[in-house]
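> Below is the structure I would like to discuss, written out as structure tokens.
Every number here is computed from the coordinates shown, using simple stated rules; none is lab data. The structure displayed is predicted, hence computed values, not measured ones. Heads up, the Cβs are rebuilt from the backbone with ideal geometry, glycines too, and the neighbour counts pull from every protein chain shown.
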Amino acid sequence: MKFQQTDFTEELLEKIKHTEWTLKEYIERLLREYKSIFAKKNLDLDTGFNKEGNDPFMPGYSSSVSIGIAEKHKELIDLHTIKIWECQRSLIGMPISRKIPGSKIFGELLDETFEELEDELKEYMNEFLVD
């Protein structure tokens, strides 16, 4: 879901923070539940919550969750990342890094439901557990 700077409200900020917190807690729980199952398959499972920036309404801020799978003590096999929120500045639809007259700030929030994300992440991990 895209939001223009005029849509940046306290309600949206709370929704962003709640979504970040919920997904961070969920992937930590998945790690606890699945790590030993992956170890039996000689695979390493790792999860992470990534955040750049401090203010969700400032360009350059982004947050995401990731699940990484690697062969035991080897390189990464696959990485699945879900972007939660990203705030950017753009000019004529193209992302830019500097403030230029006429540029606009917008944000993009994940628009899947928590249940859809749960299914997506479990399905992703189960692909590696199938014999």
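> Quick check on region 106-123. Is at least one of its residues polar (S, T, N, Q) and surrounded by 12 or more Cβ atoms within 10 Å (Cβ to Cβ)? Talk me through it step by step, then tell me what you get.
Step one: list which residues in region 106-123 are polar (S, T, N, Q), which gives 113.
Those left that are additionally surrounded by 12 or more Cβ atoms within 10 Å (Cβ to Cβ): none.
Among the residues of region 106-123, not one is polar (S, T, N, Q) and surrounded by 12 or more Cβ atoms within 10 Å (Cβ to Cβ), which makes the answer no.
> May I ask you to list the residues in region 100-131 that are among the polar types (S, T, N, Q) and not in a loop (DSSP other than H, G, I, E, B)? Let's see the steps before the verdict.
In the first step, residues of region 100-131 are kept if they are among the polar types (S, T, N, Q); the result is 103, 113, 126.
Result: 126, single match.
> Here's something else I'd like to know. Only residues in region 28-49 that are closer than 11 Å to residue 77 by Cβ and touching a residue at least 40 places away in the same chain (Cβ under 8 Å) count as the first member; pair them with residues that are part of a helix (DSSP H, G or I) and not aliphatic (A, V, I, L, M), Cβ under 6 angstrom, at least 6 apart or cross-chain, and list the lot.
Between residues of region 28-49 that are closer than 11 Å to residue 77 by Cβ and touching a residue at least 40 places away in the same chain (Cβ under 8 Å) and residues that are part of a helix (DSSP H, G or I) and not aliphatic (A, V, I, L, M), the close pairs are 45/34; 45/35; 45/38.
> Further, regarding this structure: Working only within region 81-115, note down all residues that are more than 30 Å from residue 46 (Cβ to Cβ) and in contact (Cβ under 8 Å) with a residue 40 or more places away in the chain. Spell out how you get there, then give the answer.
Kept after step one, since they are more than 30 Å from residue 46 (Cβ to Cβ), are these residues of region 81-115: 89-94, 96-106.
Once the filter is applied, which keeps residues that are more than 30 Å from residue 46 (Cβ to Cβ) and in contact (Cβ under 8 Å) with a residue 40 or more places away in the chain, region 81-115 yields 104, 105, 106.
> Taking residue 52 and the conditions (1) under 13 Å from the mean Cα position of the chain (by Cα); (2) surrounded by 12 or more Cβ atoms within 10 Å (Cβ to Cβ); (3) without any contact (Cβ under 8 Å) to a residue 40 or more places away in the chain; (4) within 16 Å of residue 108 (Cα to Cα), which numbered condition does it fall short on, given that it satisfies the others?
If we test residue 52 against (1) under 13 Å from the mean Cα position of the chain (by Cα); (2) surrounded by 12 or more Cβ atoms within 10 Å (Cβ to Cβ); (3) without any contact (Cβ under 8 Å) to a residue 40 or more places away in the chain; (4) within 16 Å of residue 108 (Cα to Cα), just (2) comes out false.
> Right, next: Kindly indicate whether any position in region 65-75 is over 16 Å from residue 1 (Cα atoms), in contact with a helix residue (DSSP H, G or I) (Cβ under 8 Å, 6 or more places away or on another chain) and assigned to a loop (DSSP other than H, G, I, E, B).
yes
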